[in-house]
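This report refers to the structure that appears directly beneath it.
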Amino acid sequence: MRAPVILVGVDGSAESRTALRWALEEASHRGARVEAVLAHHQEPVVVPAVPMGLNPYGEMPQRRHPARELHDTVRQVRSTMRNAPDVAECVVVGDAADHLVEASKHADLLVIGTRGRGAIRELLSHGVAARCLRHAECPVVVVPATATSRTPGRR
């Protein structure tokens, strides 16, 4: 028998950290595995024509690699919990909603955070949460921005 899978969308925001924490707490209660997915858009690379020996990106600030961002987010959230379950980390390139909906095919629960615009506004929007609510193939939990930790022992 396979362990249940809780899929959680992570983008580094405070809201996604709250959703990840919620997913970890739920996984502890269910004996489930947690899979954290970070989707990013790969920007086209354009290298300006410059004389040899000059670095056209020498003055640009370095961006962090998405895998490092996800790993750091998971590590930080897990460090705030006792006995936090392990998390499988997955970075994908493309639209977050599309990837989460596709991944929901093998998940038992999808957890996502929201910016707190209200349930009706979120559902009517074309945001990630709205698209996941409409198209995911498993139950979806939308954790509001103001969510606090679950009460211990509460199911």
(request) Any residue in region 15-28 that's farther than 12 Å from Val142 by Cβ: show its pairings with residues that are in a helix (DSSP H, G or I) at Cβ separation under 6 Å, as long as the two are six or more apart or on different chains. (result) Arg17/Val77; Leu20/Val77; Arg21/Val77
(message) With the condition being within 20 Å of Pro4 (Cβ to Cβ) and modelled with pLDDT of 95 or more, I'd like the helices (runs of 4 or more DSSP H) fully within region 46-151 carrying at least 2 qualifying residues.
(response) 66-79, 96-103
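The values are calculated or read from the model by the stated rules, or taken from the named source; none is laboratory data. No experiment lies behind these values; they were computed from the predicted model shown. Reconstructed Cβ throughout: ideal geometry from the backbone, glycine too, with neighbour counts over all protein chains shown.
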